[in-house]
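First the structure, in the form of structure tokens, and then the observations on it.
The values are calculated or read from the model by the stated rules, or taken from the named source; none is laboratory data. Remember, it's a predicted structure, so these values are computed and weren't measured experimentally. Positions of Cβ are generated from backbone atoms using ideal geometry, with glycine treated the same way; all protein chains shown enter the neighbour counts. These area figures cover heavy atoms from the full protein model, side chains too; ligands, DNA and RNA do not enter into them. Shrake-Rupley method; radii C 1.70, N 1.55, O 1.52, S 1.80 Å.
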Amino acid sequence: MRLVLTSITRPVVLAALAGLIGVSAALAQSAQPSPADLRLVPQSDAQIKLSFAPIVKKVAPAVVNVYASRKVVQRRQVSPFMDDPFFRRFFGQPGGNDRPRQRVESSLGSGVIISSDGTVITNHHVIKDADDVRVALNDRREFDADIVLMDERTDLAVLKIRGDGPFESIDFADSDSLEVGDIVLAIGNPFGVGQTVTQGIVSATARTQVGVTDFQFFIQTDAAINPGNSGGALVDMTGKLVGINSAIYSRSGGSNGIGFAIPAHMARFVAQAADHGGKVQRPWLGATVQLVNAEIAEALSLERPQGVLVTAVFEGSPAYEAGLRVSDLVIAVDGKEVTDPNSFGYRFATKMIGEETDFVILRSGEEQHLTVALKPAPETVPRDTRELVEYSPFEGATVMNLSPAVSEELGVEGLFDGVVIAEVKRGSTADRVGLRPGDIIRGINQKAIESTQMLEDVTRKPPRLWQIDIERDGKVSQIILRG
């Protein structure tokens with residue numbers, strides 16, 4: 001369950017502030033100590049009494065509250081007798097059966113200023129469908145904000161404050177250097193009570209089975225975070241941003257000590273996309289992979305399950321040109337180990353277009369290196385986007401012709417032909433039928449649907465009985481409806 005995260009002040013104050021007190025003689029003799037050497041356990045009462053206040057004073061001005069609102073038009077049901085003009089005159093009710101009524105829905109979250117010009121990064125679900133967005137700084141100033149970029153697949157969004165800067169900002173940390181046991185602070189606005197700070201440790205650095213975004217690779221922490229803190233900052237002991245708090249595992253809705261943050265590496269990638277045209281463009285591999293379980297590991301004579309197994313390579317793709325082949329085992333991307341398809345997808349998806357990346361693979365038991373060019377997915381056929389408005393099960397759906405580019409944008413794995421649903425209007429017939437973005441329309445009444453034009457033609461002459469074949473998450477099911 002996706003919830004808004006936040007922090008609550010915890011009186012437990014542990015000292016791991018690098019370089020403050022008690023640096024060992026070995027460190028003193030080292031001209032350039034490594035980050036691992038600077039991680040110290042408190043060794044005296046004085047060290048235990050150290051405070052995180054200097055870090056909080058440094059980063060708190062860069063953490064903001066995000067208020068998002070949208071107008072929703074509802075239709076209020078009146079007595080069915082009001083359809084009759086006589087009853088409407090008799091009872092003095094001029095309206096019909098449905099009376100439109102407008103109300104405002106609002107959501108509260110947090111955000112982080114990452115640039116002095118007022119660029120803010122937050123969660124996509126905090127500002128989704130918003131008509132108006134405002135941010136409030138910790139000095140109580142409030143500003144309207146523009147939505148620069150929204151990326152639902154990573155659950156991240158970029159805002160721009162409408163106001164004169166400069167604004168206090170926070171620097172990105174190298175989230176890949178984070179280790180289990182490192183102390184972190186979570187800052188946000190839980191339950192709307194105001195800016196709050198909590199402290200904890202990193203419980204895991206690569207959680208991939210969370211189910212919150214398409215690119216599942218999360219920092220897990222036990223710092224107390226609650227609804228309202230989505231989009232808030234997770235910072236390290238140098239006062240740098242290591243993650244964007246995004247979700248919690250909870251049965252009650254409150255903190256159970258299991259929180260998840262999107263790594264700063266992914267947040268930086270999305271922020272850079274906002275600076276270069278306002279659109280996230282990920283590299284296209286042109287291959288599919290699967291998890292290596294114990295049985296596959298045994299069949300491949302591996303000591304333990306590792307890497308991801310290549311199951312398909314599409315001709316002409318960057319993977320094909322690099323020499324990647326079916327049954328290859330990818331064990332690392334640019335020196336970073338991959339353990340499952342989610343960690344592999346994260347490592348590859350955060351690379352920049354136009355560069356190259358190094359794959360370490362095992363082929364026939366021998367380790368090899370392959371250089372993969374980072375190219376955008378091609379649009380091999382025009383997407384021919386159409387919004388279907390004729391009365392049919394597809395009314396309210398926006399559809400596109402599939403291609404590698406469309407598949408990449410919508411997160412559709414390995415499908416490059418057919419018609420895909422890109423969007424479904426809330427409350428439409430398509431929504432009520434149960435159609436969802438990413439569904440592939442494979443056929444209607446045992447006839448293959450090959451293009452958006454063909455689908456639209458069918459909706460203009462609806463049959464009496466609809467037998468719709470839908471592919472979702474690799475499985476085909478059939479919907480049967482009467483016209």
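Points worth noting:
- Where helices (runs of 4 or more DSSP H) sit wholly within region 258-341, those with at least 3 residues that are within 21 Å of Gln216 (Cβ to Cβ) and not polar (S, T, N, Q) occupy 264-275.
- Of all residues in region 379-407, those that are assigned to a helix (DSSP H, G or I) and either open to solvent by 20 Å² or more (accessible area, probe 1.4 Å) or touching a Leu at 6+ places or on another chain (Cβ under 9 Å) (or both) total 1.
- Failed condition for Arg426, given (1) surrounded by 13 or more Cβ atoms within 10 Å (Cβ to Cβ); (2) charged (D, E, K, R); (3) within 25 Å of the chain's Cα centre (by Cα); (4) not in a helix (DSSP H, G or I): (1)
- Cross-chain or 6+ apart pairs with Cβ under 6 Å, region 374-400 first and small (Gly, Ala, Ser), then open to solvent by 80 Å² or more (accessible area, probe 1.4 Å) and part of a loop (DSSP other than H, G, I, E, B): Gly396/Lys425
- Taking the criterion of being of a type in the set (Gly, Ala, Ser) and either in contact with a Pro (Cβ under 6 Å, 6 or more places away or on another chain) or surrounded by fewer than 24 Cβ atoms within 10 Å (Cβ to Cβ) (or both), the residues of region 111-160 that qualify are Ser115, Ser116, Gly118, Ala130, Ala136.
- Residue match in region 455-462 (condition: surrounded by fewer than 21 Cβ atoms within 10 Å (Cβ to Cβ), basic (Lys, Arg) and within 30 Å of Gly286 (Cβ to Cβ)): no
- Matching entry among Ser327, Ser343 (being open to solvent by 40 Å² or more (accessible area, probe 1.4 Å) and out of contact with any helix residue (DSSP H, G or I) (no Cβ under 8 Å at 6 or more places or on another chain)): Ser327
- Of all the listed residues (Val212, Val180), the sole one being hydrophobic (A, V, I, L, M, F, W, C), over 27 Å from Asp117 (Cβ atoms) and at pLDDT below 90 is Val212.
- Of the residues Leu410, Leu481, the single one that is hydrophobic (A, V, I, L, M, F, W, C) and closer than 29 Å to Ala312 by Cα is Leu410.
- Flag for Arg436 being closer than 16 Å to Ile479 by Cα, open to solvent by 70 Å² or more (accessible area, probe 1.4 Å) and without any contact (Cβ under 8 Å) to a residue 24 or more places away in the chain: no
- Scanning region 165-224 for residues that are assigned to a loop (DSSP other than H, G, I, E, B), more than 27 Å from Ser343 (Cα to Cα) and in contact (Cβ under 8 Å) with a residue 40 or more places away in the chain turns up Gly165, Pro166, Phe167, Glu168, Ser169, Asn189, Gln195.
- Subset of region 341-366 (residues that are more than 18 Å from the chain's Cα centre (by Cα) and in contact (Cβ under 8 Å) with a residue 24 or more places away in the chain): Ile353, Thr357, Asp358, Phe359, Val360, Ile361, Leu362, Arg363, Gly365
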